[in-house]
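Bear in mind these aren't lab numbers, they're just calculated from the coordinates by the rules spelled out. All values derive from a computational prediction rather than experimental measurement. Methodologically, a virtual Cβ is constructed for each residue, glycine included, from the backbone with ideal geometry; neighbour enumeration extends over all protein chains shown.
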Amino acid sequence: MVTELQFIKDNIVKLQISKYLAKVLDRAGFAKVDIQKTPVITRITVYVKNPGRVIGRGGENINKITDEIKKKYHVENPQIIVANVENEWLEPLLVAKYIGYALERGGNVRKVLHSAIKKIIDNGAIGAEITVSGKLAAKNARAKSVTVKVGYVPKVGDVIKLVREAKHTQYPKYGAIGVVVRITPPGTVFPKSEVKKVELPKTIKNADQNL
């Protein structure tokens, strides 16, 4: 029972640290974080678009963040490793933010989603699904939900662990918009299944031409 409680406590702390880093490193292009606790240290690997913003001049910024995690979340010996995002179109959180900002600027919902999902597939993803919900038009419009899906994106079974997922909320003047992005990354191997080559519908294939 003690072990189970400690496991739950550790996961709560990991979630709190993830939310904290997502907030303070937003301008650095925060994509995700991987936290591994060992008997000696807690290794925190942060994936961002701009590592320089995280580190700061002479390591000032990263030292400040490390001290904050140590004090606020009572983590002993936190070690932050900053990793560069290899491909932003395969990182669900970055794609979700891109969509949120585009919609906030007044972009057409389906055109924005088609363009984003085309870029995801063009960068090698096996499948992708994007759902946006909220007031997607004028301020007096009713809330609605729009989903665009291409390729193979499993939703049940252990294989869903192989799918990358992120949620983001944008706050335009006319009301909040929720964005959920699910991506099956390149090279994903599913047991006892055959994944066919992704064929884009014409509306999505020509998405960039319509923007």
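Using C-alpha pairs below 8 Å separated by at least 6 residues, the relative contact order for the chain is 17 percent.
For residue 87, the amide hydrogen comes within under 5 Å of no other amide hydrogen, counting only partners 5 or more places away or on other chains and with H modelled in the peptide plane. The packing ranking of peptides 117-128, 76-87, highest mean first, is 117-128, 76-87, where packing means the average number of other beta carbon atoms within 10 angstrom of each residue. Across the stretch 173-188, coupling constants 3J(HN,Hα) worked out from phi with the 6.51/-1.76/1.60 Karplus curve, θ = phi - 60°, read 4, 8, x, 5, 10, x, 10, 10, 10, 10, 10, 8, x, x, x, 5 Hz, and Gly and Pro carry x.
Computed from the Cα positions only, the extents of the chain along the three principal axes stand at 54, 47, 37 Å, in decreasing order.
Using θ = phi - 60° in the Karplus curve 6.51 cos²θ - 1.76 cosθ + 1.60, the 3J(HN,Hα) couplings for the stretch 42-55 round to 10, 8, 10, 9, 9, 9, 9, 7, 10, x, x, 5, 6, 6 Hz; x is entered for Gly and Pro.
Could you pull out every whole DSSP H run in the chain that spans at least 30 Å of Cα extent along its own axis and averages 0.0 or higher on the Kyte-Doolittle scale? Intermediate results must be reported in sequence, preceding the final value.
Numbers: long enough: 2-24 (33 Å, 0.27).
Passing helices, by number: 2-24.
Looking at 116, 126, 162, which one has the Cα that reaches farthest to the positive end of the dipole of the chain (charges on Cβ: Lys, Arg +1; Asp, Glu -1)? Highest projection toward the positive end goes to 116.
Which value in Å does the Kirkwood hydrodynamic radius of the stretch 1-89 take, with 1/r averaged over all unlike C-alpha pairs and then inverted? Walk me through the intermediate numbers first.
Working: mean 1/r = 0.0737 Å⁻¹.
For the stretch 1-89, the Kirkwood estimate is 13.6 Å.
For the stretch 88-210, the calculated P(r), taken from all Cα-Cα distances in 5 Å bins from zero up to the bin holding the longest distance, is 2, 12, 22, 23, 18, 12, 7, 3, 1, 0 percent. Across the stretch 2-84, the relative contact order, built from alpha-carbon pairs under 8 Å that are at least six residues apart, equals 28 percent.
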